[in-house]
Amino acid sequence: MSIANKALILIVDDQPSNVYALEHVLKADDREFVKAMNGEEALEITKTNEVDLILLDVQMPGINGFEVAQILKSDTRTSNIPIIFATAFSNEYKFVMKAYEEGAVDFLFKPLDPDILKAKVSVLLKLQMQKKELVEKNAELHKAALLIDNSADILGIIDAETLNIEGVNKAITSILGYPREELRGTSLQSYLNIESRSIVEELIISGQSELFFETGIYCKDKSVKWLQWKVTVKDGKWFFNARDITESKKAEDEIRLLNENLERKVELKTRELRMMNLDLEKRAAELQASNIELERFAFVASHDLQEPLRTVSGFLSLLSLETEGKLNKESDDYIRFALDGTQRMRDLIQALLEYSRVGSGELPLEKVNVNTVVENTVKLLAPLIQEKNAKLHCGPLPIVKGVEAQMQQLFLNLVSNAMKYQNGQTPQIEISCKEEQDNWLFCVKDNGIGFDPKYADRIFMIFQRLHDKSEYSGTGIGLSICKKIIERTGGKIWAVSEPGKGSIFYFTIPKTEQKT
Ligand code: ADP
């Protein structure tokens, strides 16, 4: 058809008056005309135009109408154009009709009858248009068929009532293994697994026009695949698209299994951890109970040891007075050693009593001004400081939560150790404190003999001493008392040292009160 959907009619006549007359008679809104004065011109026009009908004069100079028609019929592009011959000789009619039995060909005899002309042109044009439409529809159908057959999904039609398969594309064979013909006329239900059959039955009853569902379906080789269905229900048919989701379903199943396993493992581990926690809590409680028991025992034992010790040392002193100058030197020495021993035992008992008193939890934490504590320490240790000519420097100190008497003991132990563990030089002692985010960080530094850093933890254990008592007297309890005092506040204590390079004792006290 020509531009704007108008039918294009080619009028071929060597007489311009005939052409004019024909155009005039056939003129209509839905028609257009092209004209040719001879056969050659007509053939030229058909090459570049999509002509819908040709009115062809038979008798023309050059190639005549029949010859033109023959050339047109021999070319597939133009062979279907309907032709109406206009001729003056009726005997030509039969001959030509024979030659063109197949095509749309008609005859008009001159002089032309306008009504017959109009009628014939209308009929042939209508036929031509319908033919064209059919060709177009066929081309579309062909494309659709190609698309359907190339689809990776299964496409098809099923009877909505019987569920009999009416048609499917090739994908059914590649996915499920059945030849298409084998399925035609059989029921979908006979291929589905049991659960899927009931799903489909419910869907039929639902009466919905769009259906989405998944089914397990048996393949030709009896294995099961999973299809995801999308169905449009129309005119008693299911027009469906079924996608193979077997792989993703498998992956989903695997993930679900892995998740279930993981959850089970997490649950088991949580239960195990809970049990371990309970066990630890139980052990901590047991440990605390046995610590309290031990402290009580240490207190009672040391307290009860004092009395017989007093008796022994009292009688030893009396014996020493009685026998002074009367026994030989050796015996005098024995009595002296025994008296020293009782003194040492008294010191140890005293220290043990002090140790067992700390951390009993009976004394509540209070605000303690550490400046005052250090001032008192200096006062209490004044004779020793004077004797050793010790120099003590102290920076500003905070107010902390603690037990004043215990803080006092802490500083007494640290400062007296700092003066004690010296090698003849003037003791230089520095006390300072730094504020941290959650703690106060204290530091007591000396210029004494120091110690091997590998014993940094050991010195805080009860009765552990690094230096011989003949050189440096002591009981080995002082630092373990300091540790207890600091831990009661929720803090920590540690030491940094090197032999001959002095020692630094650090301890922290939390800013907020800790639970005891
Ligand atoms: P004592 O001083 O009664 O022996 P402590 O518990 O106070 O007991 O100290 C334990 C050990 O730690 C000491 O015997 C000593 O070896 C070592 N020590 C403590 N303070 C210092 C210090 N300032 N310098 C070097 N060594 C120290």
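Only the coordinates and a few stated rules stand behind these numbers; no lab work does. No experiment lies behind these values; they were computed from the predicted model shown. Note that we place each Cβ from the backbone using ideal geometry, even for glycine, and neighbour counts take in every protein chain shown.
Could you state the per residue volume, in Å³, of the convex hull enclosing the Cα atoms of the chain?
On the way: hull volume 208.1 nm³, N = 516.
Normalising the Cα hull of the chain by residue number yields 403 Å³.
For a 25 Å ceiling on Cα separation, which of these pairs sit above it: K249/K269; K282/K484; K401/K434; K170/K249; K420/K445?
Values: K249/K269 30 Å; K282/K484 22 Å; K401/K434 16 Å; K170/K249 23 Å; K420/K445 13 Å.
Result: K249/K269 exceed 25 Å.
Cross-link pairs exceeding 30 Å in C-alpha to C-alpha distance, out of K47/K120; K137/K230; K126/K230, comprise K126/K230.
Please report the relative contact order for the stretch 124-195, taking Cα pairs under 8 Å with a sequence separation of at least 6, and give it as a percent rounded to a whole number. If you can, show how the numbers build up before the last one.
Values: 63 pairs, mean separation 15.5, N = 72.
Once divided by the residue count of the stretch 124-195, the mean separation gives 22 percent.
Helix 370-380 sits at what angle to the longest principal axis of the chain, using alpha carbons and giving 0 to 90 degrees rounded to 10? So the inclination is approximately 20 degrees. Annotation: amide H of L10 within the under-5 Å range of V34, D52, L53, I54, L55, sequence separation 5 or more or interchain, hydrogens built in the peptide plane. Between the helical axis of 65-74 and the longest alpha-carbon principal axis of the chain there is an angle of about 30 degrees. On a 0 to 90° scale, report how tilted helix 16-26 is relative to the longest principal axis of the chain, with both axes built from alpha carbons and the result rounded to the nearest 10. That works out to roughly 60 degrees. Put in order of Cβ neighbour count within 10 Å, fewest first, the listed residues F297, F442, F240 become F297, F240, F442.
Given a Förster radius of 45 Å and the C-beta distance between S473 and E286 as r, what FRET efficiency does 1/(1 + (r/R0)^6) yield to the nearest 0.05? It would help to have the intermediate numbers written out before the result.
Working: r = 37 Å, r/R0 = 0.83.
Computed FRET efficiency for S473 and E286: 0.75.
With both residues required to sit in the chain, DSSP beta bridges show an antiparallel share near 70%. Here the relative contact order of the chain, from alpha carbon pairs under 8 Å that lie six or more residues apart, stands at 7 percent. Only Cα pairs under 8 Å and 6+ residues apart enter the sum, and on that basis the relative contact order of the stretch 208-277 stands at 21 percent.
Let me have the 222 nm mean residue ellipticity of the chain computed from DSSP H runs of 4+ only, each contributing -39500 (n - 2.57), with the sum over all residues rounded to the nearest 500.
After summing the helix terms and dividing by residue count, I get -16500 deg cm²/dmol.
Relative to its residue count, the stretch 103-153 spans a Cα convex hull of 51 Å³ per residue. Computed from the Cβ-Cβ distance with R0 of 22 Å, the FRET efficiency linking A338 to D304 stands at 0.60.
Could you sort out which of K222/K265; K367/K469; K379/K501; K469/K492 sit more than 30 Å apart by Cα distance in this structure?
Numbers: K222/K265 36 Å; K367/K469 37 Å; K379/K501 27 Å; K469/K492 28 Å.
Distance filter (> 30 Å) returns K222/K265; K367/K469.
Computed over the stretch 158-215, the alpha-carbon pair-distance distribution with 5 angstrom bins reads 4, 17, 26, 27, 18, 7, 1, each value a whole percent. Per-residue Karplus couplings for the stretch 415-429, computed as 6.51 cos²θ - 1.76 cosθ + 1.60 with θ equal to phi - 60°, are listed in order as 6, 5, 4, 4, 7, 6, 7, 10, 10, x, 7, 6, x, 10, 10 Hz, Gly and Pro entered as x.
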